[in-house]
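Data first, discussion second: the structure below is written as structure tokens.
The values are calculated or read from the model by the stated rules, or taken from the named source; none is laboratory data. Quick caveat, the model's predicted, so the values are computed rather than measured. Here the Cβ positions follow ideal geometry from the backbone for every residue, glycine too, while neighbour counts run over all protein chains shown. All accessible areas refer to the heavy atoms of the entire protein, side chains included, with ligands and DNA or RNA removed. Shrake-Rupley method; radii C 1.70, N 1.55, O 1.52, S 1.80 Å.
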Amino acid sequence: MDTLSRMVAAVAGYSDDTLFVRLTADNAFPDGQLIDEVEEQLVSRSLEYIACGGDGSGLPYGVSVEITRVGHLREALRNSSSEYDREHVTPYLIRKFGRSSFTKYAHLRKEHFRCTVDVYEDYINVNRVFSGTTHPITASVLELIERLGDSALQPVDGNPVPSLIVGAAQLGFDYGITNFVGRPSATDAERMLKIAISNGVKFIDTARAYGSSEEIVGASLAGGWSSRAMIITKLSPLNDCPPDAPDDLLRAKVDASVFESCMRLRRSALDVLMLHRAEHAFTHDGVVLEHLRDFLRSGLVRHLGVSVQGPKELEAVLDLDDIDYVQLPFNALDYRWDDLADRLEMVRSTRGLIVHARSALLQGLLISEDLELWHRAHVSTPQIIWRWLRRCTEATVSSNPVEFCLRYVRSQPWIDGVVVGMETIEQVLDNIHHFNQPEIPADEVRSIRASRPYVGEITLDPSKWVPVA
């Protein structure tokens, strides 16, 4: 799509010095007054390019105006050969002049709201905003923005929550020791995912082994939503491959898992593919990991990751430079990662490793006072832990133990995001609220760490709990 050529052709009769205002048809809010204000800043600041919208602008996604000069647009056409530059018109100018931003309305802090028209729900929202105004044609951009809060699938609680990762295991099968609700319906699952994404969630976490989870995620995000969040999925655990499986069989199993994930998720490429078992990075002479590297080189997989169970597995995979994501279990009682925290921070800073924590509530055990469940987790006197959790909740001014546990995990400087499983829309809204609370200060984190009750590794590893009879 050579939009740049069409735009240059449209201004063929204008001089190089003429101001060029770029608006897009899917963004219906910008008005004449806003354009005048952006133009005034371009001139008064002696700029060659300016844009409004995006981080720091205070304006919702979809209130987008770009202004430059016709001569710069012609130069961009002469020097732009990539499809991306020609489709999106201004990347060459941004590289040359920088992205100077219009920030007059930064105080509105509405960047996480949305008023573009990319998907059907966007159309419904924007139509509702205009229908509710007395004079929709002459309504100002500020009036329209003010009405966005009444629209569906807009942020519900303060700021976006990019560190919240939706764990989609519960969408595919009954999961968790305290899950008494069961799987949500397909309609509720779709609503849950879209509410989460509308509130700034950037990752959805699923796996081949999570029942119908991939299929539900793929169906829920079809029709334009798939571009608004990255999906992390995991390779099949390869349970049906014996230790002496030939290399060709292993590669075939990997192929089947990858292509099945693409089909179920309705994606032509996988954003992040994790090894469900860290051992597959090294067993079978590394055949599995090397074959995944083939997918990485081909572009069918964009990033590789590993899901680890304990510190030894983490130490082993930290030396693999092409592993961009690591997922590990961590909660307020978990001391196993203390000695690795400094190394994790170093690796994150040197090669951009992304660390996600799961099981922040220890499969829901930390928020339960059911003696039977704790006994199954090999804790004979959980009352000590319950009292400690209540003290920590009060000391950190958290609304409840769930909020404390999530805030504690979020407050670790070596953790980038927290995977939280949810079974209901109400839980999604609650978690958005919890993730809007401030992180716990470092000195309080140290105090909490020093006071935490000791539990054995057999409690921290749910696979070692006593199964239900």
Could you give the distance between the Cα centres of region 1-39 and region 320-349, to the whole Å? 47 Å
Need one number: nm distance between label points at Arg343 and Glu290, each 7 Å from Cα along Cα→Cβ, rounded to one decimal. 2.6 nm
Would you mind checking the radius of gyration and Dmax of region 338-469 based on alpha-carbon positions, in Å? 15.5, 48
Projected-area mean, region 148-280, by convex hull of Cα positions, square nanometres: 9.7 nm²
At a threshold of 8 angstrom on Cα-Cα distance, excluding pairs fewer than six apart, so keeping six or more, what relative contact order does region 1-96 reach in percent? 40 percent
Give the aspartates and glutamates whose C-alpha is closer than 19 Å to that of Lys104, dropping any in the same chain fewer than 8 places away, or say none. Asp31, Asp36, Glu37, Glu39, Glu40, Glu48, Asp55, Glu66, Glu143, Glu146
So how far apart, in nm, are the two label points at Arg109 and Ala25 if each is 7 Å from Cα heading toward Cβ? 3.7 nm
As I understand it, the value is the acute angle between the Cα axis of helix 401-410 and the longest principal axis of the Cα atoms of the chain; what does it come to in degrees, rounded to 10? 70 degrees
Tell me, how many Å apart are the Cα centres for region 71-100 and for region 184-232? 34 Å
Tell me, what is the percent relative contact order of region 330-469, built from C-alpha pairs under 8 Å that lie six or more residues apart? 35 percent
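At 1.4 Å probe radius, can you tell me the per residue accessible area of the chain in Å²? Write out the running numbers ahead of the final one.
Details: 21480 Å² over 469 residues.
With all protein chains present, the chain gives 46 Å² per residue.
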Extension reserve of the Asp157-Asp255 stretch, reckoned as 0.36 nm per residue once the Cα distance is removed: 31.1 nm
So the angle from the long Cα axis of helix 247-265 to the longest Cα principal axis of the chain, reported in degrees to the nearest 10, equals 50 degrees
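Output needed for region 307-409: three equivalent-ellipsoid semi-axes, defined as square roots of 5 times the C-alpha gyration tensor eigenvalues, in descending order, whole Å.
Largest first, region 307-409 gives 30, 16, 11 Å.
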Return the distance in nm (one decimal) between the two label points of a simple spin-label model at Ala316 and His135, each offset 7 Å from Cα along Cα→Cβ. 7.1 nm
So, with a 1.4 angstrom probe, what is the percent of accessible area on region 1-152 that is carbon and sulfur? 51 percent
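Suppose only helical runs count, i.e. DSSP H with n ≥ 4. What mean residue ellipticity at 222 nm does that imply for the chain under -39500 (n - 2.57) per run, divided by all residues and rounded to the nearest 500 deg cm²/dmol? Walk me through the intermediate numbers first.
Working: 20 runs with 191 residues, N = 469.
It lands at -12000 deg cm²/dmol.
Arrange the peptides 66-72, 339-345, 359-365 so that the one whose residues have, on average, the most other Cβ atoms within 10 Å appears first.
Working: 66-72: 19.7, 339-345: 13.9, 359-365: 23.1.
With the highest mean Cβ count within 10 Å placed first, the list reads 359-365, 66-72, 339-345.
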Convert 4 °C to kelvin, take the viscosity as 1.567 mPa s, use the Kirkwood radius over C-alpha pairs of region 45-143 as Rh, and evaluate the Stokes-Einstein diffusion coefficient in µm²/s, rounded to a whole number. 84 µm²/s
Region 431-469 to region 387-413: how many Å between their Cα centroids? 9 Å
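Output the pairs from Lys194/Lys253; Lys202/Lys234; Lys234/Lys464; Lys194/Lys464; Lys234/Lys312 with a Cα-Cα distance over 26 Å in this structure; if there are none, say none.
Lys194/Lys253; Lys194/Lys464
Just to be sure I follow: if Rg is taken over the C-alpha atoms of region 114-172 and Rh is the Kirkwood radius over the same atoms, what is Rg/Rh? List each step's numbers first, then the result.
Working: Rg = 14.8 Å, Rh = 13.4 Å.
Rg/Rh for region 114-172 comes to 1.10.
Between Ile458 and Glu48, what FRET efficiency follows from the Cβ-Cβ distance if R0 is 56 Å, with the result rounded to 0.05?
Numbers: r = 65 Å, r/R0 = 1.15.
After rounding, the FRET efficiency stands at 0.30.
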Efficiency of FRET from Cβ geometry, Ala442 and Tyr84, R₀ 45 Å, rounded to 0.05: 0.60
Nearest 10 degrees, 0 to 90: helix 32-44 Cα axis against the chain principal axis: 90 degrees
Distribution of pairwise C-alpha distances over region 1-98, 10 Å bins, in %: 15, 48, 34, 3
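Express the relative contact order of the chain as a whole percentage, based on alpha carbon pairs under 8 Å and six or more residues apart in sequence.
Taking the mean separation of contacting Cα pairs over the length of the chain, I get 12 percent.
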Which three extents, in whole angstrom, do the alpha-carbon atoms of region 264-357 cover along their principal axes, largest first? 39, 29, 27
Return the ratio Rg/(2.2 N^0.38 Å) for the chain, where Rg is computed over Cα atoms only. 1.11
